[in-house]
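Visitor: After the structure tokens below, expect a handful of questions from me.
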Amino acid sequence: MNRWDVIFESNPKYKPLNEVFFNILLNKIKVANNHKLISVVDLGCGSANTVFQFAKKGFEVVGIDYSKVALKKLQQRIDESGLSNIKLINEDLNNIQTKLSADIFLCNYVYSFIEKKALKKMTPHFAKPEIAAVLPCMKVKDPKNFLQKVQWYEY
């Protein structure tokens, strides 16, 4: 059992994305993508509600987490919900082998646990202008674009 399994065995409680932040983010992204349904990768999804927030809005969602315990609990909730647009992957973000592809990459409160070399491996995906990378644990000083401004006001 890894350290994340131990944490999720205790059923930690944490809130989903703030609804105001979430809706502003989604509206901005949908407008930028001509209201097409798009895909989301939740890096370090845990057993959180974030995958449900996106899936209920019609997005294809992939949740990646290293904790098998968290993913098992999340899969039970997915099965009970009847949603079919959520896929879960058990993988260590510090040694990720899965080819990442999405329109939105969400790394909610997990960013600080990803090793620098692993983050460097992921960042080419975030640099593409058509990709939205949301790393809410970062507080951006002097925000320059929409997502940075939303992060600044949210946190």
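We did not get these values from a lab; they are worked out from the coordinates using the rules stated. Predicted, not measured: the structure shown is a model, and the values here were computed from it. Using ideal geometry, Cβ is built from the backbone for each residue, glycine included, and neighbour counts are taken over all protein chains shown.
Visitor: Using 0.36 nm times the number of residues separating Lys87 and Met1, minus their current alpha carbon distance, what extension gain do you get?
Guide: Taking Lys87 through Met1 to full extension adds about 28.7 nm, to one decimal.
Visitor: Could you line up Glu60, Glu9, Glu80 from fewest to most neighbouring Cβ atoms inside 10 Å?
Guide: Ascending Cβ contact count within 10 Å gives the list Glu80, Glu9, Glu60.
Visitor: In terms of modelled amide H atoms, which long-range or inter-chain residues lie less than 5 Å from the amide H of Gly63?
Guide: Asp42, Lys87, Leu88, Ile89
Visitor: Taking neighbour counts of Cβ atoms within 10 Å as a proxy for exposure, in what order, fewest first, do Asp65, Asp5 appear?
Guide: Asp5, Asp65
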